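Each reported figure results from applying straightforward, stated rules to the coordinates on display, with no laboratory input. These figures come from a predicted structure and were not determined experimentally. All Cβ positions, even for glycine, are placed from backbone atoms using ideal geometry, and neighbour counts span all protein chains on display.
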Amino acid sequence: MTKYVIEGGNPLYGNIEISGAKNAAVAILPAALLVDGPCRIENIPQISDVTLILQILRELGASVRTINRTTVEIDCSSVRNQPVPYELARKIRASYYLIGALLGRFGKAEVPPPGGCDLGGRPIDQHIKGFVAMGAQVEVQGGMIRARAKEGRLTGGPVYLDMVSVGATMNIMLSAVRAAGNTVIENAAKEPHIVDLANFLNSMGADIMGAGTDVIKIRGVDRLHGGSYSIIPDQIEAGTYMAAVTAAGGEVLIRNVIPKHLDCITAKLAEMGAEIEEHDDAVLVRRTGPIHRTNIKTMPYPGFPTDMQAQIAAALCLAQGTSVITEGVWDNRYRYVDELRRMGAQIQVDGKVAVIEGVDHLTGAPVRACDLRAGAAMIIAGLAARGRTEVDHIYHIERGYEDIVRKLSAVGADIRLVHEPDEETQKTPQVG
Ligand code: EPZ
């Protein structure tokens, strides 16, 4: 078993460099399937979700060349249209982008239903609604989602999303860029990674307007050409370290960020007593006084991101007074609360609302990373707690945070990656 062992109580001082955005990378890499010719993609985060997508692209016949630690060149010229391997696709949520990308390229896609963090029901009906509006037939058969354009190529059309969905907005964009005619997505999501995907596709010859607003217009083109593109910095990774400094105290310069993307997070942390200075591509976070209570409701961008909910909750456990969090996106994103309670947190959950009574201190304990952001919250709580915290199930964290142990150690955290033999392995006698 592999786990993180944290000795809490050290304030954090120094610099942290933010990696490329996970939720942009996991859409932009499949988007390379739509491009005729090599595309060079820079600022790719080194996380296991990215490794998996690159592995899937290779299985489909793409040439993937590593240029350096954060840059790959992908050439999908000789990709074959074949079913996406079940064992790989089911491990990540973002495998759903392969449906849009393969449909857009070949007019046909066969992809297993996606996996990813367990946050309650995660339907993809809005993605399918979009494909159908563009003339696809979609069915689930033998554990595979099978989508096929009736005329061999999708035809653009109007798509109205019933709810704001990041995945549906990006997937419909992917399927529409090479469709015949125009597609208009209404009630589109506006997250920075949506703009990033549109910028990537436009730099390869697509014609997308309005990304970042709730109406996106896509004029279909016959082909996309190769090119070079750099992925935006990860807003949530940056926010996670900002929350860590707020919880543990100290002063850290968080570099390679777009401060505008952090506005909603910065505003809340400032309410909580952090001092935040914005620079061109960095933010300085300092917290020396007490943590103040606040209320938070998660919402689609530019609202407060659901992907920061657990990390902020960890910091609010140590605030003076009572804070209320309302989860506005997912049905079940409080599974981490039981783990924080093991550290002495006082949190009551009723449906989508969590009430946190601030306590004087948390005490280190063995805890589990229930999902990616819940895992980040455990680390934040561990950094701020008295004594030793051991976080297991860390594969969830490695899906989305590049080098988290190295980045935190560099600012003075006492955190180590520890490998322990499984109990089962220990019990099994070694033979021959
Ligand atoms: C993306 O998930 C992110 N994942 C999530 O990040 C993030 O929490 C979420 O967007 C919201 O920001 C990736 O980008 C890979 P949605 P996605 O479609 O696209 C409902 C993280 O921690 N809905 O915006 O799956 C849905 O149930 C992860 O990095 C439908 O009902 O989210 C939810 O309540 C976790 N039908 C809401 O909409 C649909 O067809 C928003 O989901 C689609 C969504």
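Using alpha carbons only, how many degrees (0 to 90, rounded to 10) separate the axis of helix 166-176 from the longest principal axis of the chain?
Helix 166-176 sits roughly 20 degrees off the main axis of the chain.
Given only helices, namely DSSP H runs of n ≥ 4 each adding -39500 (n - 2.57), what is the per-residue ellipticity at 222 nm of the chain, to the nearest 500 deg cm²/dmol?
-8500 deg cm²/dmol
Relative to the longest principal axis of the C-alpha atoms of the chain, give the angle of the C-alpha long axis of helix 97-106, reported between 0 and 90° and rounded to the nearest 10°.
Rounded to the nearest ten degrees, it is 10.
What nm distance separates the two modelled labels at residue 162 and residue 81, each placed 7 Å from Cα along Cα→Cβ?
In this crude label model, residue 162 to residue 81 measures out at 2.9 nm.
What does the charge count near residue 46 come to, summing +1 for each Lys or Arg and -1 for each Asp or Glu among other residues with Cβ under 9 Å from its Cβ?
Overall, the nearby charge balance is -1.
Please state the Cα pair-distance histogram of the stretch 236-293 with 5 angstrom bins from zero: what percent is in each bin?
The calculated distribution, bin by bin, is 4, 23, 37, 24, 9, 2.
Report the convex hull volume per residue for the stretch 267-421, counting only C-alpha atoms, in Å³.
124 Å³
Quick one: of the DSSP bridges fully inside the chain, what percent are antiparallel, nearest 5?
The antiparallel proportion sits near 70 percent.
Helix 22-31 against the longest principal axis of the chain: what's the angle in degrees, Cα atoms only, rounded to the nearest 10?
Roughly 20 degrees between the two axes.
Could you order the peptides 127-134, 16-23, 147-154 from most to least packed, using the average number of other C-beta atoms within 10 Å per residue?
16-23, 127-134, 147-154
Please state the shape class of the stretch 1-87: rounded when a/c is under 1.5, otherwise prolate if a/b exceeds b/c and oblate if not, all from the C-alpha gyration tensor.
On the way: a/c = 3.35, a/b = 1.96, b/c = 1.71.
It is prolate, given that a/c is not under 1.5 and a/b is the larger ratio.
Listing 266, 2, 183 from the residue with the fewest other Cβ atoms within 10 Å to the one with the most, what is the order?
Details: 266 21, 2 12, 183 25.
The fewest-first ordering by Cβ neighbours comes to 2, 266, 183.
Give the aspartates and glutamates reachable from residue 260 as a straight Cα distance under 18 Å; neighbours fewer than 8 places away on the same chain don't count.
Leaving aside aspartates and glutamates fewer than 8 places away in the same chain, those within reach of residue 260 are 17, 191, 196, 234, 237, 271, 275, 277, 278, 280, 281, 307.
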